[in-house]
Amino acid sequence: MNIAKAKKSLLRFGKYILAAVVLVCMFFAFANTYRLNHSIDEGNRKIILNYANQVAYRLHDMFERVDISLNELSSKFEETSGHLTQEELLEQLKHYDETWSMDASGLMYENGENCLSDGAPVLLESEISLRDVLSYSEKLNISRQNIDGKDMLVFAKPCRTQVGGQTVSGIFSAVKLERLEEFLGDYGYGAGSFLAVTQSDGNNIWRQGEDLPYGTGNCLLDLEQMDVSGQDSVLQMKTRMSVSMDGTISYERDAQKYYMAYVPLGVNYWYLLVSARSDSIDLTELSQQHFFISAMLVAVILVMGLVGIVYLFQRNRSISYHNKQLQIATDLANQANAAKRDFLAKVSHEIRTPLNGVIGMISLAQNDCAKRDKCLEHLEKAADSAQYLLALINDVLDMSQIESGKQRLSEETVDMTALLEEVKFQMEISAREKGLSAETNAQTLKHRYFKGDYLRLKQILTNLTTNAVKYTPAGGTIRLEIGEAEKDDGSKVVFRVE
């Protein structure tokens, strides 16, 4: 009798132990699922935010190029104040449109009137103020306007000049909003996804892709009527956008999960929005696989009990391995994104200097066309800058080398005198534009020829002198010195930019 009672007690105790084991295993299974899903959610948010930042870099590059071109045009008009007729100014604006692929440009007069490059008067949809600018740079005004029935992005710049007895207060150029899609390229994140430029209050300025289902024209109002993820809120998004912070938000639409990233553009409190379906982001497939496997694990645990514990431990090791693989894949994706951002910055930074040299020398050659020797000298310098520009383009467009970090340095004979002359030429052009003086000194250089990579050296010295010009106030001096230091096995060159 006691043995029977002991067996029953043991069986009852075994059932309790089994139930406890099953509950503990289920707890660990669901906790593990939650932890991995949280990690995948964070990975998806990082991917969509990185993509939004890449698109924002493209827009910044566009704004910077327009700013530079309008600066040059404004300086040219101010230098010829009172010497050109209105027809001559408008003819130069037409040439500017063709050169920079603008859809429209025009003059802004002090009396409030405006006219296009074809001479036709134009009434802008909203007033452009060049005094209180909330834009990409200190003096560039960017706004959305309706010109001749077409929605355009208008860039305006102050310009004080006299023409025909009237005072010009500014110049402007414009591109059609629909061309932003052409500039930014295709957006391939699937149905329901979109790119958009909005104001900080959510009102749409431009959109590429599908509209949100409620069609209010305001992304924040549309999101308030949708099922937003529990960890996010539209109020939080509004608050972050009001203080120019970026972020992400997750919502559901037609039983499909979406991620949206918002990034400030630094232009009139505008924001770039990027929305993508979760199943179009690579990490989501791993999440679906994990849910299926976790369901099987729970079923096996309920049937097999203690056997399920062993299996769960093995599965935890497998999940840890997948997490490591996921982290490696995310790091590789981030490295690729960083390389592409560096590529865009490098292209816009390095190509601009020799291109300005080409433009400047051609302009000088035009002015000195009657003087054959001077004209040939200017054209030779323009050709040197063009060759340097071509070498930069051929080198920097090799994306595979940039992403893999396997760019090679060549070893060739470098003529330091020729190198100094070419860098000096570029430096003098940049310094002259900003009202600076430029000096070079190679008195301590004993030898003329050294071994090295000519293109890389020129790139480095050009970047250093360009930055020196950028951060030196007007009236200052930029100095480049090339010296020589003794080594046990020869000599080395020492460059100094001050």
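The values are calculated or read from the model by the stated rules, or taken from the named source; none is laboratory data. Please read all numbers here as calculations on a predicted model, not as lab measurements. As a convention, Cβ positions derive from the backbone with ideal geometry for all residues, glycine included, and neighbour counts pool all protein chains shown. Only protein heavy atoms, including side chains, enter the accessible area calculation; ligands, DNA and RNA are left aside. Shrake-Rupley method; radii C 1.70, N 1.55, O 1.52, S 1.80 Å.
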* Just one of ALA485, ALA474 is in a loop (DSSP other than H, G, I, E, B) and among the small types (Gly, Ala, Ser); which is it? -> ALA474
* Residues being open to solvent by 40 Å² or more (accessible area, probe 1.4 Å) and modelled with pLDDT of 90 or more - total across segment 477-491 -> 3
* Kindly provide the set of residues from segment 230-239 that are open to solvent by 80 Å² or more (accessible area, probe 1.4 Å) and of a type in the set (A, V, I, L, M), ordered by number. => LEU235
* **Selection count, segment 320-362, where residues are modelled with pLDDT of 75 or more, polar (S, T, N, Q) and either surrounded by 14 or more Cβ atoms within 10 Å (Cβ to Cβ) or touching a Lys or Arg at 6+ places or on another chain (Cβ under 8 Å) (or both)** => 5
* Look at SER74 and say whether it is over 19 Å from ARG179 (Cβ atoms), touching a residue at least 24 places away in the same chain (Cβ under 8 Å) and surrounded by fewer than 16 Cβ atoms within 10 Å (Cβ to Cβ). => no
* To do: Go through segment 240-254 and give me each residue that's open to solvent by 60 Å² or more (accessible area, probe 1.4 Å) and either touching a Gly at 6+ places or on another chain (Cβ under 7 Å) or among the basic types (Lys, Arg) (or both).
  => ARG240
* Here is a list of conditions, (1) in a helix (DSSP H, G or I); (2) closer than 21 Å to ASP232 by Cβ; (3) of a type outside the set (D, E, K, R); (4) modelled with pLDDT of 65 or more, and SER287 meets all of them except one; can you say which number that is? -> (4)
* Are there any pairs with C-beta distances below 8 angstrom linking a residue in segment 112-131 that is loosely packed, with under 12 Cβ neighbours inside 10 Å to a residue that is in a loop (DSSP other than H, G, I, E, B), with the two at least 6 apart or on different chains, and if so which? -> PRO121/GLU113
* Would you check which residues across segment 442-476 are over 20 Å from GLU412 (Cβ atoms), in contact with a strand residue (DSSP E or B) (Cβ under 7 Å, 6 or more places away or on another chain) and either open to solvent by less than 20 Å² (accessible area, probe 1.4 Å) or at pLDDT 90 or above (or both) and list them? => LEU464, THR465, ALA468, VAL469, THR472
* Structure fact -> Reported set for segment 147-178 where residues are part of a strand (DSSP E or B) and aliphatic (A, V, I, L, M) is ILE147, MET152, LEU153, VAL154, ALA156, VAL163, VAL168, ILE171, ALA174, VAL175
* Asked: VAL469 passes all but one of (1) outside any strand (DSSP E or B); (2) among the hydrophobic types (A, V, I, L, M, F, W, C); (3) under 20 Å from ALA382 (Cα atoms); which number fails?
  -> (3)
* Asked: Where residues in segment 410-425 are assigned to a helix (DSSP H, G or I) and in contact with a strand residue (DSSP E or B) (Cβ under 7 Å, 6 or more places away or on another chain), which of them is surrounded by the fewest Cβ atoms within 10 Å (Cβ to Cβ)?
  -> LYS424
